[in-house]
Amino acid sequence: MKDSILGNIESIGFMAALVLYFAGSVLYFVYAGTKKEKAARIGYVLVFAGLAVHTVCIIARGINAGRLPLTNQFEFASAFAWGIALCFLVFVKKFSFDALGMVVAPLVFLVAGYAFMQNREINSLMPALQSGWLGFHVCTAIVAYGSFGVAFGVAVFFLLKGKIKGQLMERVPDEKTLDNIIYRAVALGFLFLTLCMITGAIWAKRAWGSYWNWDPKETWSLITWIIYAIFLHLRLRGTVSGRKAAILALIGFICVIFTYVGVNLLLPGLHSYASA
Amino acid sequence: MDGASETKTTKEKNRPQSWLSVLKSMQFSFVLLFIIVAACIAGSVIPQGASEAVYRQMYGNTWAKIIVELNLDHIFTCWWFVLLTALLCVNLILCSVSRFPAVLRAWKSSGRKNIGMWGSWITHLGLLLLIISFATGQYTSREETVYGIAGSTQPLGNTGLLVTIDSFKASLREDYTVEQYTAGLTVTDQQGNKKSGSASVNHPFDAFGYSFYQDSMGWASYVDIYKSGDLAKTDLICAGEYTFPNDLPSLVLLFNKFYPDLDRSEDGGYYSRTPLLNNPHFLYTVYYNGSVLGMGLAAPGTSIDCNEYSFIMRDPCEYTLIVAKYDPLSWMLGVSALVLLAGLFISFYVKPWEKKRSKHEG
Ligand code: HEM
């Protein structure tokens, strides 16, 4: 850490955010068990507080590093959790769908926990990473991943809706509304994933001279993009059940996670410096 | 194909049109897209561009044969991948053409003109343009490389351009990590017109239709070769290159690696403590008739003796590798990307949401 005060704000803040996300998840589980609206409301406030602290922590890191804190595995995992939390809060408010917290709040906690396990040292950027386009590229990825994370959470409910009977599911909106939320979340994610791929291509052109090199990360983002394009078309056809569309939304998010974590661990490529 | 127009075409009765309706159908897009996804997965798992021997070692004989036979070693450029992409384009074109009259009719007959009606149509157009511009870009673009130390001038392939590397600098931070590599360049065309500028990482330099990229750097060394005490040859070689006396080409000095600030780690290995020239050493190997005569570390100016010949490596300096790209159609990609983004935005956000829901889910 360069500046110890900012460094401390960041580490303590990140721990606090992690605890708040965890507490939020627990309250959403309490809500699931007891059906008490109050638990969901407190859960929402806790995730909100987690997001606020997390934001301060990202800003502190940015000031400390003197650059956008969006370049290594830790920084991106942290921003990824932040993006899901933000999209979650927006979608829960917009569609009054408290139960979503049972799936998405733990997801935020898991991704933030994954970030916590990464090396948090502030490292100097290699020249190729010093680009404004990289900033756009990662910011758009955060929104895309956040929306896909929300779509994933809602798709889980869609698939459980017919299977699980009982009190818990009474709190979940009807299938038509769920399908609608999945669609809205995927549409937002798809627009931003497209932007992310385009800004990434522009950056690659500026840094290496070619737009697209078929390195595993690029290839997997294309796979993800195609899966969601298939999702968008399946929904347009009256004959296809919402179930199939929901399954595709799940597969799409698995691709997102694989693009982000799996590719770095399992497949070599240009983007592998991001695991530093 | 949207549901409405598909049900109108009575496929069975109308035989001659049936192959066309298959080609333009959305089922056909799904089939193509699934195969493309499968190919992409294979292409990301199987290392691309390796030799059959590598695959044999990794996957065994049978799989190596299958990989090479099916072109899985260069999936993204092989004929069947190009064919799949071309079929996707045909599919998109037919679908867009056949939908055009219906969209136009709806647009004309609607009272309040809403561009949202065109959203998916514009999206598909953008996608089509993107694929076409990417594909044509592959054939119209060219790439050349030059490398050398500051002060050297070289032809850029057979383009007729000359590239002079005026300067090269790696700027370091306090912790010795590299902040930026910058090459000062002068490019001269066949008529003698000159253009000077600098290329650094993320900031290419444009001249005479080419963009010059600062790609990478390495160390070079001058080598004096003496025979019986007399200077016989002076050469400049980069790390990884070799040199030899002209009258005895079977005696070869290979410049393996350069350590600007040589040190030994606890486990006995050599490394460079900083990138500064504090304790420079060259790692070299001498071969005679293909067999190793010796290997060692030499400080600049040290004589490496082999009978009547001796090699002196001196004056280490950094060289830079510059990649030049000619890509006249890159603006087309930019336009296509904008059309695609506009199409997506219009599809999702301009079309009145309630109307859309009732149309698709009602
Ligand atoms: C991977 C490539 C493709 C992408 C990214 C794409 C994208 C889109 C998008 C974003 C929409 C609007 C969806 C919505 O409003 O919810 C759409 C609609 C549609 N697409 Fe595609 N598309 C692709 C390939 C195709 C192909 C190959 C066909 C040809 C059969 C096709 C046929 C359609 C049709 C018929 C619609 C519905 C139009 C409407 O009702 O407004 N798409 N597409």
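Examine the range A:156-175 for a residue that is modelled with pLDDT under 90, in a helix (DSSP H, G or I) and within 12 Å of chain B (Cβ to nearest Cβ), and state whether such a residue exists. Checked against the condition, which is being modelled with pLDDT under 90, in a helix (DSSP H, G or I) and within 12 Å of chain B (Cβ to nearest Cβ), the range A:156-175 yields at least one hit. The set of residues in the range A:78-99 that are modelled with pLDDT under 90, open to solvent by less than 10 Å² (accessible area, probe 1.4 Å) and assigned to a helix (DSSP H, G or I) contains only A:ALA99. Given the condition open to solvent by 10 Å² or more (accessible area, probe 1.4 Å), in contact with a Leu (Cβ under 8 Å, 6 or more places away or on another chain) and either in a helix (DSSP H, G or I) or within 27 Å of B:TRP121 (Cα to Cα) (or both), answer yes or no: does some residue in the range A:250-267 qualify? Scanning the range A:250-267 turns up at least one residue that is open to solvent by 10 Å² or more (accessible area, probe 1.4 Å), in contact with a Leu (Cβ under 8 Å, 6 or more places away or on another chain) and either in a helix (DSSP H, G or I) or within 27 Å of B:TRP121 (Cα to Cα) (or both). Under the condition of being under 25 Å from the mean Cα position of the chain (by Cα) and of a type in the set (Ser, Thr, Tyr), which residue from the range B:142-166 is farthest from B:LEU277 (Cα to Cα)? The residue in question is B:THR159. Listed conditions (1) under 21 Å from B:ASP315 (Cα atoms); (2) outside any strand (DSSP E or B) are all met by B:SER167, apart from (2).
Filtering the range A:232-249 to residues that are in a helix (DSSP H, G or I), hydrophobic (A, V, I, L, M, F, W, C) and within 15 Å of the ligand (Cβ to nearest atom) leaves A:LEU232, A:LEU234, A:LEU236, A:ALA245, A:LEU248, A:ALA249.
Is at least one residue of the range B:133-146 more than 14 Å from every other protein chain (Cβ to nearest Cβ), of a type in the set (Lys, Arg) and either open to solvent by 30 Å² or more (accessible area, probe 1.4 Å) or not in a strand (DSSP E or B) (or both)? No - not one qualifying residue is present in the range B:133-146. Among the residues of the range A:198-248, those that are more than 30 Å from A:MET126 (Cβ to Cβ), free of Cβ contacts under 8 Å to residues at least 12 places away in the same chain and more than 7 Å from every other protein chain (Cβ to nearest Cβ) comprise A:THR239, A:VAL240, A:SER241, A:LYS244. Yes or no: B:GLY160 in a loop (DSSP other than H, G, I, E, B), surrounded by fewer than 18 Cβ atoms within 10 Å (Cβ to Cβ) and in contact (Cβ under 8 Å) with a residue 24 or more places away in the chain? For B:GLY160, the condition - in a loop (DSSP other than H, G, I, E, B), surrounded by fewer than 18 Cβ atoms within 10 Å (Cβ to Cβ) and in contact (Cβ under 8 Å) with a residue 24 or more places away in the chain - is met.
The rows are residues; the columns are (1) part of a helix (DSSP H, G or I); (2) away from the ligand (no atom under 13 Å from the Cβ); (3) under 28 Å from B:LEU333 (Cβ atoms).
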{"site": "A:MET197", "(1), (2), (3)": "yes, no, yes"}
{"site": "A:ALA201", "(1), (2), (3)": "yes, yes, yes"}
{"site": "A:TRP214", "(1), (2), (3)": "no, yes, yes"}
{"site": "A:LYS217", "(1), (2), (3)": "yes, yes, yes"}
{"site": "A:ILE223", "(1), (2), (3)": "yes, no, yes"}
{"site": "A:ILE227", "(1), (2), (3)": "yes, no, yes"}
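Would it be correct to say that B:ASN202 is at positive phi and either without any contact (Cβ under 8 Å) to a residue 60 or more places away in the chain or more than 9 Å from chain A (Cβ to nearest Cβ) (or both)? It is true that B:ASN202 is at positive phi and either without any contact (Cβ under 8 Å) to a residue 60 or more places away in the chain or more than 9 Å from chain A (Cβ to nearest Cβ) (or both).
The residues listed here are B:LEU94, B:LEU127; of these, the one that is within 11 Å of chain A (Cβ to nearest Cβ), open to solvent by 30 Å² or more (accessible area, probe 1.4 Å), assigned to a helix (DSSP H, G or I) and within 13 Å of the ligand (Cβ to nearest atom) is B:LEU127.
Remark: pairs (first residue in the range B:333-344, in contact (Cβ under 8 Å) with a residue 24 or more places away in the chain and under 12 Å from B:LEU128 (Cα atoms); second residue more than 15 Å from the ligand (Cβ to nearest atom) and not in a helix (DSSP H, G or I); Cβ separation under 8 Å; 6+ apart in sequence or on different chains) = B:LEU333/A:TYR211.
The values are calculated or read from the model by the stated rules, or taken from the named source; none is laboratory data. All values reported here derive from a predicted model rather than from experimental measurement. We place every Cβ from the backbone using ideal geometry, glycine too, and count neighbours over all the protein chains shown. Side chains are part of the model used for accessible areas, which takes the heavy atoms of the whole protein and leaves out ligands, DNA and RNA. Shrake-Rupley method; radii C 1.70, N 1.55, O 1.52, S 1.80 Å.
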